[in-house]
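Below is one structure, written out as structure tokens, with a few remarks after it.
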Amino acid sequence: MNKVLAAAALAANLFVVTLVPCRATTHRSGADAAVRAGADVFRDHCAVCHSVMPNKKIVGPSMYGEVSGPNPRKTDTQLRDIVLKGIGRMPDFKDTLSSQNLDDLLAYLHTVSGASSQ
């Protein structure tokens, strides 16, 4: 009887261990997809005025390190508000970008300085 219980416990542990990497891989793929989609949003709507290179200003400031890295200059909420309402010469994008577009854009911007999202 003890051998049967031990075998069942071992089988259950192996089952759980094999599931964990699958979930992590699936989550990672979703995060990677958001970053790729965010790069597209940036290219299509932001890159004409903003760079992602350190200290490279085009019309507006560089997005390098804006929401990530050791000393981010803006929170996600602040940047989302600026994109939706506009600021200075920057137009608003409230009728152009969806909430998902903004989430993807932020996911991309979190990777610009090499830091993971907060």
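Out of all the residues in the stretch 43-70, which are modelled with pLDDT under 95, under 17 Å from the mean Cα position of the chain (by Cα) and exposed (fewer than 14 other Cβ atoms within 10 Å of the Cβ)?
Hit for the stretch 43-70 is PRO70, nothing else.
Under 7 Å between Cβ atoms, at least 6 apart or on separate chains: pull out the pairs that start in the stretch 62-91 with a residue that is in contact (Cβ under 8 Å) with a residue 40 or more places away in the chain and end on any residue that is among the charged types (D, E, K, R).
As it stands, the answer is GLY65/ARG73; GLU66/ARG73; GLU66/LYS74; VAL67/LYS74; VAL67/ASP76; PRO72/GLU66, since those pairs meet every condition given.
Return the pair list, or none, for Cβ contacts closer than 6 Å from residues in the stretch 20-37 that are under 22 Å from VAL52 (Cβ atoms) and at pLDDT 50 or above to residues that are among the small types (Gly, Ala, Ser) and part of a helix (DSSP H, G or I), at least 6 apart or on different chains.
The qualifying pairs are ALA34/ALA107; VAL35/ALA107.
The values are calculated or read from the model by the stated rules, or taken from the named source; none is laboratory data. Fair warning: this is a prediction, and the values are worked out from it, not measured in the lab. Every residue, glycine among them, receives a Cβ derived from its backbone with ideal geometry; neighbour counts consider all protein chains shown.
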